[in-house]
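Below is one structure, written out as structure tokens; the observations come after it.
The values are calculated or read from the model by the stated rules, or taken from the named source; none is laboratory data. This is a predicted model, so every value here is computed, not measured. Note: ideal-geometry Cβ built from the backbone for every residue, glycine included; neighbour counts use all protein chains shown.
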Amino acid sequence: MTAYPIQASTALITGAGRARGIGKGTVDALLAAGARRVYVAVRDTAAAAKVYAGYDPRVQIVALDLEKPGSAEALAKQLGDVQVLINNAGLFTGAGALGSDADQRREFEVNVFGPLALTRAFAPVLARNGGGALVVLNSVASHFSFPLGASYSASKAATHIFTQGLRRELAAQRTHVLGVYPGPIDTDMAEKIEMEKTSPASVGRAIVAALERGDEDLFPDGTGEQMYAQFRQDPKAFERYLATMA
């Protein structure tokens, strides 16, 4: 494990265009830790501009639409100074295992294939900048099927496995890979989940601290950490417990 200092670094983060989200909380934490520049990559730049109006001048909003072929590659050519790539953008539709095919495909496009495309495009950029760091926002639901969205859990299970593969495949270029596994966080996405929730700001601070410690896996909130511990202790018993929540 290699500690990655944020001081004077340049970061790119996706999914940080909302005022109430892990992305915005992470942007705040990066700036507080002394980042030189933070690129906020979003599809709707006008909406993001309102969120960051009058904000820290180190934040620069850039356009990214991963549903457009070549979008990730074009951005990588434009932003050759990126040292920290944070794949934070995510989608939750609530689709179950027998849910809508369209919803399931959208979740996999946004949660799995989008981050992979961006990582593939920026891997050479990170390599040229000394290796840098890659952060992948997974979920505690990467490890089990959460009753509110089996499709979301499946997509996050895929990103978890890809995170492990990326850590192995990027090791030769000295890119540090951090997988983040939040439980319920107080964001728009989780507003209907009736469980104890941690603030997005605290998750952002935990991500920065984990990078600077050199951690490879992070459970940034108490609820998610407790759920993971219960799952590890007895996976089948925890599966039955989740079924009662449905």
Residue 178 vs (1) over 22 Å from residue 9 (Cβ atoms); (2) in contact with a helix residue (DSSP H, G or I) (Cβ under 9 Å, 6 or more places away or on another chain): all pass except (1)
Of everything in region 43-55, what is in contact (Cβ under 8 Å) with a residue 12 or more places away in the chain and closer than 23 Å to residue 8 by Cα? Give them in sequence order.
52
Could we say that residue 90 is free of Cβ contacts under 8 Å to residues at least 60 places away in the same chain, within 26 Å of residue 153 (Cα to Cα) and surrounded by 14 or more Cβ atoms within 10 Å (Cβ to Cβ) here?
no
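Quick check: is even one residue across region 154-176 in a loop (DSSP other than H, G, I, E, B), modelled with pLDDT of 95 or more and of a type in the set (A, V, I, L, M)? Explain how you work it out, then say what you get.
Step one: of region 154-176, the residues in a loop (DSSP other than H, G, I, E, B) are 170, 174-175.
Next cut, modelled with pLDDT of 95 or more only: 170, 174-175.
Of the ones still in play, those that are also of a type in the set (A, V, I, L, M) are 170.
Yes; the residues of region 154-176 include at least one that is in a loop (DSSP other than H, G, I, E, B), modelled with pLDDT of 95 or more and of a type in the set (A, V, I, L, M).
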Do we find a residue being exposed (fewer than 15 other Cβ atoms within 10 Å of the Cβ), of a type in the set (A, V, I, L, M, F, W, C) and modelled with pLDDT under 95 anywhere in region 196-213?
no
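Collect the residues in region 59-87 that are assigned to a strand (DSSP E or B) and touching a residue at least 60 places away in the same chain (Cβ under 8 Å), keeping them in residue-number order.
Of everything in region 59-87, those that are assigned to a strand (DSSP E or B) and touching a residue at least 60 places away in the same chain (Cβ under 8 Å) turn out to be 84, 85, 86, 87.
Could you please find all residues in region 9-28 being farther than 15 Å from residue 60 by Cα and among the small types (Gly, Ala, Ser)?
Answer for region 9-28, where residues must be farther than 15 Å from residue 60 by Cα and among the small types (Gly, Ala, Ser): 19, 21, 25.
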Within region 104-146, the count of residues that are more than 17 Å from the chain's Cα centre (by Cα), in contact (Cβ under 8 Å) with a residue 24 or more places away in the chain, assigned to a helix (DSSP H, G or I) and surrounded by fewer than 18 Cβ atoms within 10 Å (Cβ to Cβ) comes to 3
Scan of region 147-169 for residues that are farther than 20 Å from residue 104 by Cβ, surrounded by fewer than 19 Cβ atoms within 10 Å (Cβ to Cβ) and either touching a residue at least 24 places away in the same chain (Cβ under 8 Å) or more than 17 Å from the chain's Cα centre (by Cα) (or both), ordered by number
167, 168, 169
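Listed here are the residues, each with its yes/no results for (1) surrounded by fewer than 17 Cβ atoms within 10 Å (Cβ to Cβ); (2) among the basic types (Lys, Arg); (3) on the phi > 0 side of the Ramachandran plot.
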{"site": "3", "(1), (2), (3)": "yes, no, no"}
{"site": "24", "(1), (2), (3)": "no, yes, no"}
{"site": "42", "(1), (2), (3)": "no, no, no"}
{"site": "48", "(1), (2), (3)": "no, no, no"}
{"site": "56", "(1), (2), (3)": "yes, no, no"}
{"site": "59", "(1), (2), (3)": "no, no, no"}
{"site": "66", "(1), (2), (3)": "no, no, no"}
{"site": "75", "(1), (2), (3)": "no, no, no"}
